Amino acid sequence: MTDLAQADETEDAGVWCIEDGKPTQKPRAATYDSDGVERLTYSNPFNLEVERVWFDAKIVYAVESGEVELEFDEHRICRDNKVAMEYQIVYQVELDERGKLEDGKEPDRVEGQFNIYDSVPGMDKYSPLWQFNYVIVPRDYVANTIRSEADCLNSGYPILKSTVVEN
């Protein structure tokens, strides 16, 4: 097979690229390039906002579909839905007693810092629902120094677990 060949019409699965309605088969490639960036081709037909996020010190891409209301227990553990953890590096955030942003006020985010995911599709702990955890850093923090869940947990910075969930 060449690098990019017309898909066999009898095959129902494979590594395919679909352009203008025509499937073409391509060879399986490495997930990340040598700089740790996800090798993704996405035409964005619906003009969605795509964000870059860290996963284990590698850059991956995500599309946010909006906030979701879920039920949590007193420890801010989701009751009926599996959620993945997303970490946002901030200078300051205020949460109310329910774990929501106080008066809807957005956190004071570190400019240029990518959010951090604890998982990606294919992992057991992955979910398309992301529960926000706010990592509170000092003003002299350098953006993108923290690049993984382990970095967050081992940073020594306070982490506030919210009940804010996005899809």
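Summed over region 44-89, residues that are in contact (Cβ under 8 Å) with a residue 24 or more places away in the chain and surrounded by fewer than 17 Cβ atoms within 10 Å (Cβ to Cβ) total 14.
The set of residues in region 114-135 that are surrounded by fewer than 17 Cβ atoms within 10 Å (Cβ to Cβ) and either over 22 Å from ARG79 (Cα atoms) or touching a helix residue (DSSP H, G or I) at 6+ places or on another chain (Cβ under 7 Å) (or both) contains only GLY122. Only one entry in GLU67, GLU97, GLU71, GLU86 is within 20 Å of VAL137 (Cβ to Cβ), at pLDDT 90 or above and either in contact with a Leu (Cβ under 8 Å, 6 or more places away or on another chain) or among the acidic types (Asp, Glu) (or both), namely GLU86. Taken together, the residues in region 48-79 that are under 15 Å from PHE114 (Cβ atoms) and among the hydroxyl-bearing types (Ser, Thr, Tyr) amount to 1. Note on region 128-167: among residues that are among the polar types (S, T, N, Q) and out of contact with any Cys (no Cβ under 9 Å at 6 or more places or on another chain), the one that is nearest to LYS100 (Cα to Cα) is SER162. Take GLY99 and tell me if it is in a loop (DSSP other than H, G, I, E, B), of a type in the set (Gly, Ala, Ser), surrounded by fewer than 11 Cβ atoms within 10 Å (Cβ to Cβ) and in contact (Cβ under 8 Å) with a residue 24 or more places away in the chain. Criteria not met by GLY99.
The values are calculated or read from the model by the stated rules, or taken from the named source; none is laboratory data. Source: prediction; values computed, not measured. Cβ: placed from backbone, ideal geometry, glycine included. Neighbour counts: every protein chain shown.
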